[in-house]
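Novice: Here's a structure for you.
Taken together, the values in this text are just the output of simple stated rules run on the coordinates, not laboratory data. All values reported here derive from a predicted model rather than from experimental measurement. Cβ: placed from backbone, ideal geometry, glycine included. Neighbour counts: every protein chain shown.
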Amino acid sequence: MATSTLKQLPKATAEIEINIPWAEIKSTYDEVLTQVSRESELPGFRKGKAPQKIVEGKVDKTKIYEEVIKKIIPKAYAEAVSEHKLQPITSPKIEVVKAKQDQDWTVKATLSLKPKIILKNYKDKIRELKKTKVKIWTPGEGKPDKEEETKKLTVDEIIGALASEAEVELSDELISQEANRLLSELIDQTRQLGLTVEQYLISKGKTNEQLRAEYAQTAKRNLSIEFALAEVADKENITVSQEDLNKILDKVEKPEEKEKLKKDSYYLAHLIRQQKTLDFLSNL
């Protein structure tokens, strides 16, 4: 059975070093080889009837070991996470440190954990911001009605106030993954416009390094706001009921869109909870 050691790193990051015994790797290798043998068609043999030794000599062992890795590492990683009682929030970064025949393998997994979140005086900040929105009545002018007395804060203003009062310690790996996702979206958008990323960079007068740095900063802000809103929702016990979900689903007319939303109900609930949290902050 695989064994593992845990190392806690700064910025809500953990590193697990996993040792996988050769006996377990060999057993998995034999399973994969057996499956490959069943599907192999070699000259002079019916499909799946060639001896394994002959098949092993003909196939690319690298591809067999790739299948072994796909089978064995996720299992060993899941066991290590369970053993150390971790709650990763993203897929891990996996590095194969040692993988030699007839020797135990060593794998390193770097994972992002839920960040530490400190919410300071966000309620006071939002209330103070609201005061700046109060319309001052001057004698001689028509007295404003209740709706005009205080203008509502915009979503950007609420988020800005919350962000200024929230400290969120994010994993570098988490920021990197989010920045890569944003960059991937940019690549798709530029392709749709018939542009390459290089042409886009030229048009904006930016280098690739500048663009990546900007997206890393955007990713950091977006994630910080996301976690800050979730922390407010937790503290204020803001929840989403089935009735809340049904209200949204009932408004969707196309059956295929409704079915898609039902399948993504977890994400839909996340969006509803986020909106409820913004409404709560708006009404402070």
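Novice: Between 18, 202, 158, which gets the highest mean-square fluctuation from a Gaussian network model of the chain, Cα cutoff 10 Å?
Specialist: Comparing 18, 202, 158 in the GNM, the peak value goes to 202.
Novice: Here's another thing I want to ask about it. Anyone know which of 25, 89, 248 comes out most mobile in the 10 Å Cα GNM of the chain?
Specialist: Of 25, 89, 248, the most mobile in the Gaussian network model is 248.
Novice: Relative to the present Cα-Cα distance, how much length would full extension add between residue 79 and residue 280 at 0.36 nm per residue of separation?
Specialist: So the extension gain works out to 68.4 nm.
Novice: Comparing 246, 19, 222, which has the greatest mean-square fluctuation in the GNM of the chain with Cα pairs linked when under 10 Å apart?
Specialist: 246
Novice: Projecting each Cα onto the charge dipole of the chain (Lys/Arg +1, Asp/Glu -1 at the beta carbon, about the Cα centre), which of 34, 182, 192 comes out farthest on the positive side?
Specialist: Going by the charge dipole, the pick is 34.
Novice: Quick one: if the Förster radius is 25 Å, what FRET efficiency do residue 203 and residue 163 give, using the C-beta to C-beta distance and rounding to 0.05? Can you show the working numbers first?
Specialist: On the way: r = 30 Å, r/R0 = 1.19.
Working from the Cβ atoms, E equals 0.25.
Novice: Further question: Classify the range 172-216 from the C-alpha gyration tensor, please: rounded if a/c falls under 1.5, else prolate or oblate depending on whether a/b exceeds b/c.
Specialist: Oblate shape, in that a/c is at least 1.5 and b/c is the bigger or equal ratio.
Novice: Between residue 154 and residue 104, what is the label-point separation in nm under the 7 Å Cα-to-beta-carbon projection?
Specialist: So the label points at residue 104 and residue 154 sit 5.9 nm apart.
Novice: Could you work out the helix-only [θ] at 222 nm for the chain, with each DSSP H run of four or more residues adding -39,500 (n - 2.57) and the total divided by the number of residues, to the nearest 500 deg cm²/dmol?
Specialist: -18500 deg cm²/dmol
Novice: Still on this structure, I have one more. Just to confirm a number: summing +1 for Lys and Arg and -1 for Asp and Glu over residues other than residue 110 whose beta-carbon lies under 15 angstrom from that of residue 110, what do you get?
Specialist: -1
Novice: Quick check on my link table: of 152/263; 151/276; 204/258, which ones sit more than 28 Å apart, alpha carbon to alpha carbon?
Specialist: 152/263; 204/258
Novice: Please find the FRET efficiency linking residue 195 to residue 34, where r is the Cβ-Cβ separation and R0 is fixed at 35 Å, and quote it to the nearest 0.05.
Specialist: Working: r = 50 Å, r/R0 = 1.42.
Efficiency for this residue pair is about 0.10.
Novice: I've got another one for you. Can you tell me the equivalent ellipsoid semi-axes for the chain? Use √(5λ) from the Cα gyration tensor, largest first, whole Å. Show your work: numbers first, answer last.
Specialist: Numbers: eigenvalues 545, 109, 95 Å².
So the equivalent ellipsoid measures 52, 23, 22 Å along its semi-axes.
Novice: Charges at C-beta only: +1 for Lys and Arg, -1 for Asp and Glu. How large is the resulting dipole of the range 194-246 about its Cα centre, in Debye rounded to 20?
Specialist: The calculated dipole for the range 194-246 is roughly 440 debye.
Novice: What dipole magnitude, in Debye to the nearest 20, does the chain give about its Cα centre under +1 on Lys/Arg Cβ and -1 on Asp/Glu Cβ?
Specialist: 240 debye
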